[in-house]
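Peer 1: Here it is, the structure, as structure tokens.
The values are calculated or read from the model by the stated rules, or taken from the named source; none is laboratory data. What you see is a predicted model; the values in this text were computed from it and never measured. Cβ coordinates were reconstructed from backbone atoms using ideal geometry, including for glycine residues, and neighbour counts include every protein chain displayed.
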Amino acid sequence: MLALVNSPETDVLGIAVVTGDAWRDEELAHTLRLLEIIGRTDIPVYPGAVFPLVNSREEAAEWEKRYGNLVWQGAWKSDQTYHGPWEIPPMKEGAPAAKPAKEDAAHFLLRMVHQYPHEVTIYAGGPLTDLAVAQTIDPGFAALAKELVIMGGSIHPVTKDPEFATRPQHEFNFWMDPEAARRVLRSPWTRLVVTTVDISLKTRMDKGLIAEIAKSKTPAAEYVVKYAQEGYMWDEIAAVAWLDPGVITRTTRFYLDVSIDHAANYGDTLAWTAAQKPRIAGTLAEVQEDLDTDKFYKKFVKLMTRPTPGERPLN
């Protein structure tokens, strides 16, 4: 999100927030506070879906009883840090003074593609519930967008990481709302670009990268240095590769779908080549397979350390 806001090449029309790694209201608060810190409170933030269309924390618990442990459940985590959907724990960066927009995310998305037909790129770094709702309200929604960029899905990752080595087609964003992901992936987008687990596992946010960002004293850089965690870089690839497609060195085209069979493979990514096109299919997706990591890291650091365009410091 910060990569896109910090780019001088973008005009961010708004940010839609959905339950994913944390509950929607907690994520809304963090997003609003980030925009305050970097001086971009002019960007509206829209509340999205609190719950998936069908999947639930209770269903996930039943799935685990039958089929084994789910490594990452986002807002539904089952450890001692769990809290309910309407609670916002104390925020390290401080609570925001700004408030979210009154319009919901799905109607915001619909309004934008109608206001700017074939000009809007939609970047989706979480579960796809709001996009599915928008498509359900207006079947012309997908065709009116310029393109959809998704971080989601897992096809054939090469890794010893137990989370993906044992369940290679499992990926959180698609799994949390499989029915929504199916609706979105089967919709008629003009262009569909997908960053999967496969390519994300080839990157790493580490101490060296954070140290490079720490050389800058902009509010955005200081925010990243203070709150970044070491780990794979998921959404960052999707954002940076959209801004600079040259960081991607190999792409494969697949028709994508998600299993909604409420059994062992619930939420798993399904993929077919163009020659294997299924009877019911959406847009042939451009799935990123490999990248120039050095080029990616340099572009990412540049975005994190540059002055934020349109910055308006709070008084």
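Peer 1: Please verify whether Lys102 is surrounded by 13 or more Cβ atoms within 10 Å (Cβ to Cβ) and free of Cβ contacts under 8 Å to residues at least 12 places away in the same chain, treating the condition exactly as stated.
Peer 2: Taking the combined requirement at face value, the residue does not satisfy it.
Peer 1: If the Cβ limit is 7 Å and pairs must be 6+ apart or interchain, which residue in region 1-19 that is over 10 Å from Ile43 (Cβ atoms) and part of a loop (DSSP other than H, G, I, E, B) pairs with which residue that is modelled with pLDDT of 95 or more and aromatic (Phe, Trp, Tyr)?
Peer 2: Every condition considered, the pairs that remain are Thr19/Phe51.
Peer 1: For region 107-141, how many residues are in contact (Cβ under 8 Å) with a residue 60 or more places away in the chain, over 13 Å from Ala181 (Cα atoms) and surrounded by 15 or more Cβ atoms within 10 Å (Cβ to Cβ)?
Peer 2: 6
Peer 1: Specify the residue that is farthest from Gly14 (Cα to Cα); the eligible residues are those in region 32-57 that are basic (Lys, Arg) and out of contact with any Phe, Trp or Tyr (no Cβ under 9 Å at 6 or more places or on another chain).
Peer 2: So, considering only residues that are basic (Lys, Arg) and out of contact with any Phe, Trp or Tyr (no Cβ under 9 Å at 6 or more places or on another chain), the one farthest from Gly14 (Cα to Cα) is Arg33.
Peer 1: Restricting to region 60-88, name every residue that is over 27 Å from Phe164 (Cα atoms) and surrounded by 13 or more Cβ atoms within 10 Å (Cβ to Cβ).
Peer 2: Pro85, Ile88
Peer 1: Hey, another quick one. Only one of Arg57, Arg40 is surrounded by 20 or more Cβ atoms within 10 Å (Cβ to Cβ), basic (Lys, Arg) and modelled with pLDDT of 95 or more; which?
Peer 2: Only one candidate qualifies: Arg40.
Peer 1: Given (1) out of contact with any helix residue (DSSP H, G or I) (no Cβ under 6 Å at 6 or more places or on another chain); (2) outside any loop (DSSP other than H, G, I, E, B); (3) basic (Lys, Arg), where does Arg279 come up short, assuming only one miss?
Peer 2: Going through the list (1) out of contact with any helix residue (DSSP H, G or I) (no Cβ under 6 Å at 6 or more places or on another chain); (2) outside any loop (DSSP other than H, G, I, E, B); (3) basic (Lys, Arg), Arg279 breaks only (2).
Peer 1: How many of the residues making up region 21-52 are part of a helix (DSSP H, G or I), under 16 Å from Ile88 (Cα atoms) and of a type in the set (A, V, I, L, M, F, W, C)?
Peer 2: 4
Peer 1: Can you name every residue in region 12-55 that is of a type in the set (D, E, K, R) and within 18 Å of the chain's Cα centre (by Cα)?
Peer 2: Matches in region 12-55: Asp21, Arg24, Asp25, Glu26, Glu27.
Peer 1: If you go through region 258-315 one residue at a time, how many are crowded, with 18+ Cβ neighbours inside 10 Å and polar (S, T, N, Q)?
Peer 2: 6
Peer 1: Tell me, please, whether a residue that is outside any loop (DSSP other than H, G, I, E, B), within 13 Å of Val193 (Cα to Cα), in contact (Cβ under 8 Å) with a residue 40 or more places away in the chain and under 20 Å from the mean Cα position of the chain (by Cα) can be found in region 228-236.
Peer 2: Scanning region 228-236 turns up at least one residue that is outside any loop (DSSP other than H, G, I, E, B), within 13 Å of Val193 (Cα to Cα), in contact (Cβ under 8 Å) with a residue 40 or more places away in the chain and under 20 Å from the mean Cα position of the chain (by Cα).
Peer 1: A follow-up question, please. So, in region 165-186, exactly how many residues are farther than 20 Å from Asn55 by Cβ and among the hydrophobic types (A, V, I, L, M, F, W, C)?
Peer 2: 1
Peer 1: In region 238-262, which residues are closer than 22 Å to Thr129 by Cβ and within 19 Å of the chain's Cα centre (by Cα)?
Peer 2: Ala238, Ala239, Trp242, Leu256, Asp257, Val258, listed by residue number.
Peer 1: Would you be able to tell me the number of residues in region 196-212 that are surrounded by 19 or more Cβ atoms within 10 Å (Cβ to Cβ) and part of a helix (DSSP H, G or I)?
Peer 2: 5
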